Every structure is written in structure tokens, then in C-alpha cells.
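Student: First the structure, then my questions, so here it is.
The values are calculated or read from the model by the stated rules, or taken from the named source; none is laboratory data. These numbers were taken from a predicted model, which means no experiment stands behind them. Glycine gets a Cβ as well: all are built from the backbone with ideal geometry, and neighbour counts include every protein chain shown.
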Amino acid sequence: MSSNSTGCRIAVVGGGIAGLATAFRLREEMRAVDLPGELVVYEESDVCGGATRTERIDGFALDRGPNGWLSNEPLTARLVGELGLTGELVRSNDAACHRFIYTRGKLHELPASPGKFLLSGLLRPWEKLRVVGEFFTRRRPDDDDETIYDFGCRRLGRGFAETMLDPMVSGIFAGNVRELSLPATFPKMRSMELEYGGLFKALIAKKREQKRSGGEGGGPAGPSGVLTTLEGGVGRFTEVPAETLAEHIRNNHPVSGLTRDDGEFTLWFDGAKERFDAVVMAVPAHAAAGIVKGFAPEAADALGGIGFADTVVVCHVYDSDSLPVQPDGFGHLIPRRDGIRALGCLWTSCIFPDQVPGNELLLRTILGGAGDPGIMGLSDEELLAVVRDNTATTLGIHCPPLRTWIFRHRCGIAQYTLGHRERVAVADKLCDEVPGLAFVGASYRGVSLNRCIRDAYTVAPRVLGRFGVDVAPIPEGADTP
Ligand SMILES: Cc1cc2nc3c(=O)[nH]c(=O)nc-3n(C[C@H](O)[C@H](O)[C@H](O)COP(=O)(O)OP(=O)(O)OC[C@H]3O[C@@H](n4cnc5c(N)ncnc54)[C@H](O)[C@@H]3O)c2cc1C
């Protein structure tokens, strides 16, 4: 056990959902076992939350980044409960199960079953035949890395990869399907191939299993679980832990470096330093690389190799009564080959009707991503022009929006490109060699809120283990990326 006279000293660097969830978990466990010590969260900006924040303006709840999480992760449900937020949970409207892809000049609803998929107009007849051929495609036995696009082409054909996988990857990672690693982003898909011999075979086996156990599962139209938020927007999920942990949080404290000597860590700030027994790095990998480079150059190189995509969220509002069309569903994604600059659009007031004050249509168009690095160079006017164009083309809404808000996310979403697993393994090896050091957050094992929370719950017991605290292992997780 390494602790000074005032007990153990633990620092969490970064106050996004991953850092806050880790700090909350640490505090709860420390209290539960009466572990004396100090817990500090250092956040560089004047407000915690990172990407997970909501603006509330004139009755609109405007999520800056994420708009919710899927209800299939037990640890997220547990955190909601531990924060006392269960009564504030909001499930997405039933209409949100209708998801669309805009391709070849029109919106196509994503079919809810393989049978409906074959009848839909999303793929051409020969592309559908190729999809059916997946059943007979042999598994690839080796564990070499492979892009999502190559995996899709190999098992389901190019038409499926370009029409279905490409927009799905835009929707989750704002990423390039030809660059992201399948085992790093969708490890379950790869294991379906390895364990069952193919995706269809795995789906059939899983359906049988679900029938037997009476559980709910995902289908071709989307993953399992229901999109869920909190009253007032997903930002509550960082506001509440930040309030709960207020005495531990140091805002406007950018950490610039980390060193280690005599088994203790020193965090460096502008003109100051603090010593700790354990440090959890909950900042994006590019920031972590800069912080650890002094004492772990090899890990810093690996962390620095994790790329990020800039994204821009534009919220735009219309008077529903004066519109020629009434969108009803979750929203639409757009394959890159269709040549439209927006990645997609969420029909927010259909998903969460309480996020608008009246009968307005609130849309959230997502721009940027790995394929559009120039997006941050656009002025507000240029961004709004792109959004107006996209809304006219895809939804037939030609009138100007009543109100707009723009949220820019520089390095918004980590890109798990080929070699990602190896890069994360270098960081993990460093943590094995240096007890008390951990990396959590969206840069490593999954970009979703669910994954960040799972990371937090996995890391907290490991950190406390250093002080002789024995915490029960966490249960199996969901299969969200
Ligand atoms: C536009 C967009 C839409 C998304 N939609 C969804 C969605 O619908 N559902 C979903 O599950 N996920 C979604 N995501 C992903 C999800 O929001 C993020 O992966 C998640 O919020 C990341 O949390 P984090 O704590 O790892 O990092 P962050 O939120 O980036 O937090 C990191 C924190 O570290 C701080 N920091 C950085 N450097 C330093 C430093 N040197 N010292 C101190 N502090 C520092 C930052 O200020 C920040 O507060 C979306 C992301 C974006 C950008």
C-alpha cells in the first residue's frame, strides 16, 4: 500500500463523463470501506462535462454532443441509479425505431427484419443476392486487423458496405469505413464470424437463444436497447456527478505533465505541481500523449497515434405547422458516395418531444468527420448554408430555420483505425508496469457513453486495489461500440 500520512491521494485528469464516472465510483468505494485520502478531479475548462453537455434556451434542450445512450448497458443503469437519476430517465419516443438512410435521391426506412430488408429498395437485386451469400461465405481464421469496409465487402458485398456500413460508421464514429478497424470498433461482429461461422448464422443462433430466455435483442435496423436520455437533456448525466463531486473538482486546471519517482506521481500545471499515489487519465488520447510523454515516451507515441475527427452539430428549428412534410422517426444517415456534405440528421423533437417548448421541429445535423477535415474552417454562415442545402435535398424542407445553434467539437470523436488494438495494448502495458496509472474514456475501448461508463467501473476497482481495497468484479457488458 502506497499512501502518505493523510491517506491515499488519487487524481482524475479530465472531467468528461469518463472522468466524472470514475471519480464518482472511486469516491463511493472509498466511503464504503472508510479509506482515508484525497480525491481530486482536474478539468481544464471552466465547466465539466466535456462533449456531454446540454444548453437550455427558451424551453429548448440542445445537446451539444451525444443525445443519449442505449438502455442495454447495466453499468449505465447502475450509475443512473447511484446518482439518484432514475426518476429523470426519458425513453425515446416509439417513432424513433424508424431510422432512415438517404441514398440515390430518397429516404429509405431501415428494415426491421432480414425479410423486410430483402424487400426494401436500399440495395439493388444483385447486391441483395450477395448479402444472402453471406450465409455461405467462409470465415477468415486469422486474427489480422481488417477495416470495416473490407470485412463488409468480404462477407456481405460492396453494395452493403457502401450503403449500410458506411452511414452506420458515420453515425457512430463520424469515421471513414475504409479506415476504421473492425475488431477495434465492432469486436462482436468479428467474434460472430469466428464463433458461429458468419453473421446470419450468429443472428439465427442468438434469436433462438433469445426466444428461449425471453430477452430483447438487436436487429438489422439497429442495436439492441432503447435510446435513453434524462429530463432536460443528456447533459444532466455530467451536471449531476459534477455537483455531487463539487468539493473534489478543480476547474480551469489544465494538466501539462506527469512524472513519476519513488513510486509516486507528480502532476504538473502551469507553475505548480501536486503529488499523488494514483492517477487516472480521463482526457482524450491526444491530450494524454502530451501529458505522459516525459515519463513514458513509447506510450505517448502510441496514444498520439490515435486519430480524431472534428465534428459540428447544428441544431435548427422549424415551425411544424408550416412545413410541407412532417418527419417522424429517429433521423437519417447519408452514405458518403451520395456526395452530400452532412453525415446525417437527427429528428430530435420526434425522438424526445420534451426537448422543444411547443410544436416545433428540432433537427440536429451532424457535419464533419474523418472524411471532411475542412469543416472547422467554415464560418457560421457557410455551415448554415450546408445545413439548409442538406435539409432541402433530404427532407424537402426549403424554408429557412426559425432558430439555429452551432456546436463545434475539435477532435470530437476518436478514430479506431487499423492498429488501434495494438496502440491501446501499449497503454495497457504501461498501466500494468506502473501500478496506480490508468487511462479511461472514449479514446480506447469504445466511444459511446455506455463504454466510457464501463471503463470507469472497470478502472476504479483496479486503482483502489493498489490500496488494498477489494471491490467486487463488474458484470458482463452490452455490445454497443
Ligand atoms: C457530436 C457528437 C455526438 C455524439 N453522440 C453520441 C451519442 O449519441 N451517444 C453516445 O453514447 N456517444 C456519443 N458521442 C460520443 C461521446 O459523447 C463521447 O465519446 C464521450 O462524451 C467522451 O467522454 P470522455 O469523458 O471520454 O471525453 P470528453 O467528453 O472529451 O472529456 C474529456 C475532458 O478532459 C478535459 N481535458 C482535456 N485536456 C485536459 C488537460 N490537459 N487537463 C485537464 N483536463 C483536460 C476536457 O476539457 C474534457 O472536459 C458523441 C460525440 C460527439 C462529439
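Student: Would you say Ala161 is outside the structural domain of Val13 (by TED's automatic domain parsing) and over 20 Å from the mean Cα position of the chain (by Cα)?
Tutor: Answer is yes for this residue.
Student: Let me ask something additional. Is there a residue being surrounded by fewer than 24 Cβ atoms within 10 Å (Cβ to Cβ), among the small types (Gly, Ala, Ser) and in contact with a helix residue (DSSP H, G or I) (Cβ under 8 Å, 6 or more places away or on another chain) anywhere in segment 353-366?
Tutor: No, segment 353-366 contains no residue that is surrounded by fewer than 24 Cβ atoms within 10 Å (Cβ to Cβ), among the small types (Gly, Ala, Ser) and in contact with a helix residue (DSSP H, G or I) (Cβ under 8 Å, 6 or more places away or on another chain).
Student: Taking Ala442 as the residue in question, decide whether it is touching a Lys or Arg at 6+ places or on another chain (Cβ under 8 Å), of a type in the set (A, V, I, L, M, F, W, C) and within 8 Å of the ligand (Cβ to nearest atom).
Tutor: Yes.
Student: Can you tell me which of (1) touching an Asp or Glu at 6+ places or on another chain (Cβ under 7 Å); (2) assigned to a loop (DSSP other than H, G, I, E, B); (3) farther than 14 Å from Asp277 by Cβ is the one Ser443 doesn't meet?
Tutor: Going through the list (1) touching an Asp or Glu at 6+ places or on another chain (Cβ under 7 Å); (2) assigned to a loop (DSSP other than H, G, I, E, B); (3) farther than 14 Å from Asp277 by Cβ, Ser443 breaks only (1).
Student: Taking the criterion of being in a strand (DSSP E or B) and crowded, with 23+ Cβ neighbours inside 10 Å, would at least one residue in segment 385-393 satisfy it?
Tutor: No, that holds for no residue.
Student: Go over the candidates Phe352, Phe330, Phe308, Phe295 one by one and state the one that is over 22 Å from Gly175 (Cβ atoms) and modelled with pLDDT of 95 or more. Even if it seems obvious, please write down each step before you answer.
Tutor: Working: Phe330 fails: over 22 Å from Gly175 (Cβ atoms); Phe308 fails: over 22 Å from Gly175 (Cβ atoms); Phe295 fails: modelled with pLDDT of 95 or more.
Selected residue: Phe352, the only one of Phe352, Phe330, Phe308, Phe295 that is over 22 Å from Gly175 (Cβ atoms) and modelled with pLDDT of 95 or more.
Student: How many residues does segment 225-248 hold that are outside any loop (DSSP other than H, G, I, E, B) and either within 11 Å of the ligand (Cβ to nearest atom) or in contact with a Phe, Trp or Tyr (Cβ under 8 Å, 6 or more places away or on another chain) (or both)?
Tutor: Number of matching residues: 9.
Student: Let me ask something additional. Anything in segment 350-367 that is within 16 Å of the ligand (Cβ to nearest atom) and of a type outside the set (Lys, Arg)? List them, or say none.
Tutor: Of everything in segment 350-367, those that are within 16 Å of the ligand (Cβ to nearest atom) and of a type outside the set (Lys, Arg) turn out to be Cys350, Ile351, Phe352, Gln355, Leu362, Leu363, Thr365, Ile366, Leu367.
Student: Which one of these is of a type in the set (A, V, I, L, M, F, W, C) and under 20 Å from Arg462 (Cα atoms): Leu110, Leu89, Leu83, Leu79? Full working, then the answer.
Tutor: Numbers: Leu110 fails: under 20 Å from Arg462 (Cα atoms); Leu89 fails: under 20 Å from Arg462 (Cα atoms); Leu83 fails: under 20 Å from Arg462 (Cα atoms).
So the residue among Leu110, Leu89, Leu83, Leu79 that is of a type in the set (A, V, I, L, M, F, W, C) and under 20 Å from Arg462 (Cα atoms) is Leu79.
Student: Kindly indicate the residue of segment 41-54 that is within 11 Å of the ligand (Cβ to nearest atom) and β-branched (Val, Ile, Thr) and also farthest from Pro254 (Cα to Cα) among those meeting that condition.
Tutor: Thr52
Student: Another one. Tell me which residues, restricted to segment 9-65, are over 18 Å from Val459 (Cβ atoms) and aromatic (Phe, Trp, Tyr).
Tutor: Phe60
Student: Touching a residue at least 40 places away in the same chain (Cβ under 8 Å), in a helix (DSSP H, G or I) and not assigned by TED's automatic domain parsing to the domain that holds Ile334: is that true of Glu127 in this structure? Walk me through how you get there before you give the answer.
Tutor: On the way: touching a residue at least 40 places away in the same chain (Cβ under 8 Å): no; in a helix (DSSP H, G or I): yes; not assigned by TED's automatic domain parsing to the domain that holds Ile334: yes.
No, not satisfied.
Student: In addition: Return the total of residues in segment 266-314 being of a type in the set (Asp, Glu), more than 17 Å from Asp428 (Cβ to Cβ) and away from the ligand (no atom under 14 Å from the Cβ).
Tutor: 1
This table checks each residue for (1) farther than 30 Å from His286 by Cα; (2) at pLDDT below 95; (3) out of contact with any Lys or Arg (no Cβ under 7 Å at 6 or more places or on another chain); (4) more than 13 Å from the ligand (Cβ to nearest atom).
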| residue | (1), (2), (3), (4) |
| --- | --- |
| Ile17 | no, no, yes, no |
| Ala23 | no, no, yes, no |
| Arg27 | no, no, yes, yes |
| Leu89 | yes, no, yes, yes |
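Student: Here is a list: Leu62, Leu70, Leu79. Which entry is in contact with a Phe, Trp or Tyr (Cβ under 7 Å, 6 or more places away or on another chain) and within 16 Å of the ligand (Cβ to nearest atom)?
Tutor: Every option except Leu62 fails the conditions.
Student: Mind counting the residues in segment 253-271 that are out of contact with any strand residue (DSSP E or B) (no Cβ under 8 Å at 6 or more places or on another chain) and over 21 Å from Val47 (Cβ atoms)?
Tutor: The total comes to 4.
Student: Let me confirm something: among Pro435, Pro461, Pro473, which residue is part of a helix (DSSP H, G or I) and either of a type outside the set (Val, Ile, Thr) or more than 19 Å from Ala278 (Cβ to Cβ) (or both)? Step through it out loud before you land on a result.
Tutor: On the way: Pro435 fails: part of a helix (DSSP H, G or I); Pro473 fails: part of a helix (DSSP H, G or I).
Answer to the check: Pro461.
Student: Can you find a residue that is in a helix (DSSP H, G or I), free of Cβ contacts under 8 Å to residues at least 60 places away in the same chain and more than 14 Å from the ligand (Cβ to nearest atom) anywhere in segment 107-115?
Tutor: First, the residues of segment 107-115 that are in a helix (DSSP H, G or I): 114-115.
Imposing the further condition that a residue be free of Cβ contacts under 8 Å to residues at least 60 places away in the same chain reduces the set to 115.
Right, trim to more than 14 Å from the ligand (Cβ to nearest atom) and you get 115.
Checking segment 107-115: at least one residue is in a helix (DSSP H, G or I), free of Cβ contacts under 8 Å to residues at least 60 places away in the same chain and more than 14 Å from the ligand (Cβ to nearest atom).
Student: Does segment 367-382 hold any residues that are among the aliphatic types (A, V, I, L, M), under 24 Å from the mean Cα position of the chain (by Cα) and buried (at least 19 other Cβ atoms within 10 Å of the Cβ), and which are they?
Tutor: Residues of segment 367-382 among the aliphatic types (A, V, I, L, M): 367, 370, 375-376, 378.
Still in the list and also under 24 Å from the mean Cα position of the chain (by Cα): 367, 370, 375-376.
Once the filter is applied, which keeps residues that are among the aliphatic types (A, V, I, L, M), under 24 Å from the mean Cα position of the chain (by Cα) and buried (at least 19 other Cβ atoms within 10 Å of the Cβ), segment 367-382 yields Leu367, Ala370, Ile375.
Student: Are there any pairs with C-beta distances below 7 angstrom linking a residue in segment 310-322 that is touching a residue at least 60 places away in the same chain (Cβ under 8 Å) and of a type in the set (Phe, Trp, Tyr) to a residue that is away from the ligand (no atom under 16 Å from the Cβ) and assigned to a strand (DSSP E or B), with the two at least 6 apart or on different chains, and if so which?
Tutor: Sorted first by the residue in segment 310-322, then by its partner, the pairs are Tyr318/Glu360; Tyr318/Leu361.
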